[in-house]
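The values are calculated or read from the model by the stated rules, or taken from the named source; none is laboratory data. A quick note: this is a predicted structure, and the numbers were derived from the prediction, not measured. Here the Cβ is made from the backbone with ideal geometry for all residues, glycine too, and neighbour counts use every protein chain on show.
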Amino acid sequence: MKAVVFHGIGDIRLENAPEPRIEEKTDAIVRLTASAICGTDLHMIRGTMGNMAPGTILGHEGVGIVEEVGKQVRNFKKGDRVVIPSTIACGSCSYCRAGYFAQCDGANPNGKDAGTAFFGGPKDTGPFHGLQAEYARVPFAHVGLVKLPRQVTDDQAILISDIFPTGYFGADIADIHEGAAVAVFGCGPVGQFAIASAKLMGAGRVIAIDRIESRLEMAKEQGAEVVNFEKEDPVATIKEMTGAIGVDRAIDAVGIDAEHPFKGPAHDSKKDKEFTEQQHKIAPKQNPNGENWKPGSGPSEVLEWAIEALAKAGTLSIIGVYPLTMNAFPIGKAMNKNLSIKMGNCNHRKYVPKLVDMVRAGFIDPAIVLTKTETLTAALDAYKAFDLRQPGWMKVELRPASSTRAA
Ligand SMILES: [Zn+2]
Ligand SMILES: [Zn+2]
């Protein structure tokens with residue numbers, strides 16, 4: 001089968017990979033009808049999330065048709081149309097039962113403290129083969145798949161695999177009350193869904209911060225008040241907009257930008273240079289003038305902005321990706337403002353069934369952020385365009401060539 005395979009930093013290839021087979025009785029095999037490229041994939045390709053095993057199939061967003069189920073999968077059958085939540089969880093442990101699917105004790109073969117297990121990630125997340133392929137093995141399929149009603153299209157469902165639930169999770173842990181003033185930092189696909197979710201939860205105002213005009217336009221379409229941080233100081237502007245009080249809730253939907261390789265405190269400059277050159281083979285520099293923040297020198301700029309823009313006793317929600325090696329945070333300012341801080345990897349399975357229902361009911365059409373659909377065989381070019389943030393490449397769906405699709 002065709003699949004997008006990781007070989008090294010800056011080196012991904014479209015190749016023929018062996019078709020997956022049922023390995024455990026709780027597995028299912030899914031024939032993918034849609035996959036997608038995600039900002040998180042860039043972290044793997046650029047090496048900000050290191051320790052990838054060469055040969056790993058990339059991708060953690062998928063929609064498809066059940067092809068085969070193991071003996072212990074009692075809620076699905078061949079032919080069922082499904083969306084695959086990005087993180088892998090057992091459904092049996094105490095964490096899963098409490099809704100903390102991203103902290104599952106049972107799914108990560110590296111042990112209980114190894115972190116969130118997900119498709120197409122580094123060794124410490126499994127590793128599990130990803131979903132940018134024609135077929136995939138889904139472990140713990142009884143909770144690792146969610147059935148799709150016919151009213152929800154593949155174009156809508158592919159956004160419910162990761163991006164929409166992640167934005168929704170960001171708004172959920174921000175504890176938004178009706179009327180709240182909410183700032184969303186980062187208007188990429190996840191940020192757009194954080195905006196949409198904040199509105200669904202009754203936010204009175206949503207202020208969206210980014211530097212890319214097309215993203216700010218999309219945020220404005222959703223009713224957000226927009227701030228371009230390249231044209232104005234985001235903190236001063238937000239203070240001015242909120243009567244010098246600041247926002248009640250802030251959501252960091254940026255994390256460490258994939259353009260800043262995080263190399264940790266000990267590194268030598270020759271290796272860095274080689275690394276950067278190699279990295280930019282597939283992933284050219286996006287913003288050569290914007291590198292005023294040096295990795296490891298302090299907290300990310302977005303965290304500093306968010307903490308300064310928050311009102312006293314406000315809540316910060318962090319859903320942007322930070323690697324394990326990142327250990328800088330503006331704790332002094334946060335402590336002295338009595339802020340609450342919540343963060344983490346999205347517990348996808350907690351939200352996916354509800355979001356499927358909300359899309360079916362017409363509360364929201366997630367396909368609005370989908371800007372491109374490409375065949376799986378064009379994946380490498382799609383990766384490059386996505387990586388360069390070329391206009392119109394906000395969110396890219398990949399369609400396996402062999403697939404027959406619903407609507
Ligand atoms: Zn993703
Ligand atoms: Zn579990």
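Quick test of your reading of the structure: V184 fulfils all but one of (1) under 17 Å from G392 (Cβ atoms); (2) surrounded by 18 or more Cβ atoms within 10 Å (Cβ to Cβ). Name the failing condition by number.
Just one mismatch for V184, condition (1).
So, in the range 67-112, exactly how many residues are β-branched (V, I, T) and within 13 Å of ligand 2 (Cβ to nearest atom)?
Within the range 67-112, residues that are β-branched (V, I, T) and within 13 Å of ligand 2 (Cβ to nearest atom) number 2.
I'm trying to understand the selection: among the residues of the range 35-75, which are assigned to a strand (DSSP E or B) and more than 11 Å from ligand 1 (Cβ to nearest atom)?
Of everything in the range 35-75, those that are assigned to a strand (DSSP E or B) and more than 11 Å from ligand 1 (Cβ to nearest atom) turn out to be I57, V63, G64, I65, V66, E67, E68, V69.
Take the residues of the range 15-62 that are in contact with a helix residue (DSSP H, G or I) (Cβ under 9 Å, 6 or more places away or on another chain) and of a type in the set (S, T, Y): which is nearest to ligand 2 (Cβ to nearest atom)?
Across the range 15-62, the extreme among qualifying residues is T26.
For the range 95-118, which positions are hydrophobic (A, V, I, L, M, F, W, C), away from ligand 1 (no atom under 16 Å from the Cβ) and in contact with a Ser or Thr (Cβ under 7 Å, 6 or more places away or on another chain)?
none
Note down all Cβ pairs under 6 Å where the first residue falls in the range 86-110 and is charged (D, E, K, R), the second is assigned to a loop (DSSP other than H, G, I, E, B) and near ligand 2 (Cβ under 6 Å from one of its atoms), and they're at least six residues apart or on different chains.
Between residues of the range 86-110 that are charged (D, E, K, R) and residues that are assigned to a loop (DSSP other than H, G, I, E, B) and near ligand 2 (Cβ under 6 Å from one of its atoms), the close pairs are D105/C93.
Across the range 148-176, which residue is surrounded by the fewest Cβ atoms within 10 Å (Cβ to Cβ) among those that are within 20 Å of S35 (Cα to Cα) and of a type in the set (D, E, K, R)?
R150
In the set D27, D11, which member is acidic (D, E), away from ligand 1 (no atom under 13 Å from the Cβ), touching a Lys or Arg at 6+ places or on another chain (Cβ under 8 Å) and modelled with pLDDT of 95 or more?
When all the criteria are applied, what remains is D27.
Do any strands (runs of 3 or more DSSP E) lying entirely in the range 329-407 carry at least 1 residues that are of a type in the set (S, T, N, Q) and in contact with a Lys or Arg (Cβ under 7 Å, 6 or more places away or on another chain), and which ones are they?
Result: 372-375.
Here are some residues: I319, I341. Which one is under 23 Å from G91 (Cα atoms), under 21 Å from the mean Cα position of the chain (by Cα) and of a type in the set (V, I, T)?
I319
State yes or no: is A117 away from ligand 2 (no atom under 15 Å from the Cβ), within 24 Å of D172 (Cβ to Cβ) and crowded, with 24+ Cβ neighbours inside 10 Å?
It is false that A117 is away from ligand 2 (no atom under 15 Å from the Cβ), within 24 Å of D172 (Cβ to Cβ) and crowded, with 24+ Cβ neighbours inside 10 Å.
What are the residues in the range 103-160 that are closer than 12 Å to A89 by Cβ, in contact with a Lys or Arg (Cβ under 7 Å, 6 or more places away or on another chain) and part of a loop (DSSP other than H, G, I, E, B), if any?
Matches in the range 103-160: D105 only.
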